[in-house]
2 protein chains.
Amino acid sequence: MARVVVDVMLKPEILDPQGQAVQRALPRLGFEGITDVRQGKRFELDLAGPVDEAALARIREIAGTFLANTVIEDFEVRVEELTDAPGAATGSAGDNAAEEGAVR
Amino acid sequence: MARVVVDVMLKPEILDPQGQAVQRALPRLGFEGITDVRQGKRFELDLAGPVDEAALARIREIAGTFLANTVIEDFEVRVEELTDAPGAATGSAGDNAAEEGAVR
């Protein structure tokens, strides 16, 4: 089984009130030095078949027509290596140190 | 300027109605072969200073206390290479083919 990740972010020229709210809150909470925050969506799609060019083209079509609003959002499709250690003990994510090759 | 990405996903054992809605809709829309969809959040944080171990530790603290609800969510902190070509012409994201090293 293969996993493909689709990251959807607002285009740089589109105002991001959620990200701004986070960015403004950080100094109040004692965290300085963060100059900008943008918030977007991450979709993890598990595929039954192999991740070949045809599958990626199909996922790009899904992302462009259904997961992202391409008027205001950019998306990025990436293949993610799956490891057998998805969870960690203390809230942070697993031990997956796989490189993620950017695929569009 | 450096960019750090924080991915926040529901833990595997937590029900994800948003992802399920997407997964169930795909066959109706003509896309078969997607066995599971999980939806989460992606935060892009721009840092004023260098991305050293201290900065990453601070961002892990921000992520664990503020960006993610660690009772139900896992998070992952990654350093992202910044390129000068952020946007693309046609809705898909930019031409950033940088490898993203997983850093926790």
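Annotation for region B:1-62 versus region A:1-71: alpha-carbon center distance of 7 Å. Put simply, region A:1-72 fits an ellipsoid with semi-axes of 33, 15, 8 Å; these come from the alpha carbon gyration tensor as the roots of five times its eigenvalues, largest first. Considering every alpha-carbon pair of region B:32-83, the percent of pairs per 5 Å bin, from zero through the bin containing the longest distance, is 4, 14, 26, 20, 14, 10, 7, 3, 2, 0. Here's how it looks for A:D36: its modeled amide H is under 5 Å from those of B:D46, which are all 5 or more places away or on a different chain. Computed from point charges on the beta carbon alone (+1 for Lys and Arg, -1 for Asp and Glu), the dipole magnitude for region B:1-73 about its Cα centre is near 240 Debye.
Among the GluC sites (Glu not before Pro) in region A:1-57, those placed in a DSSP loop whose Cβ has at most 14 other Cβ atoms within 10 Å are A:E13, A:E32. Shown in residue order for region A:23-39 are the 3J(HN,Hα) couplings computed by the Karplus curve 6.51 cos²θ - 1.76 cosθ + 1.60 at θ = phi - 60°: 4, 6, 6, 4, x, 4, 8, x, 10, 9, x, 9, 8, 7, 10, 10, 10 Hz (x for Gly and Pro).
All other residues whose Cβ lies under 11 angstrom from that of B:I72 are scored, Lys and Arg at +1 and Asp and Glu at -1, for a net of -3. Inter-copy label distances at A:T65, using a point 7 Å along Cα-to-Cβ, come to 4.6 nm with the shortest given first.
No lab work stands behind these numbers, since they all come straight from the coordinates. On a predicted model such as this, the values are computed, not experimentally measured, just so you know. When we count neighbours, we look across all protein chains shown, and the Cβ atoms used for this are built from the backbone with ideal geometry, even at glycine.
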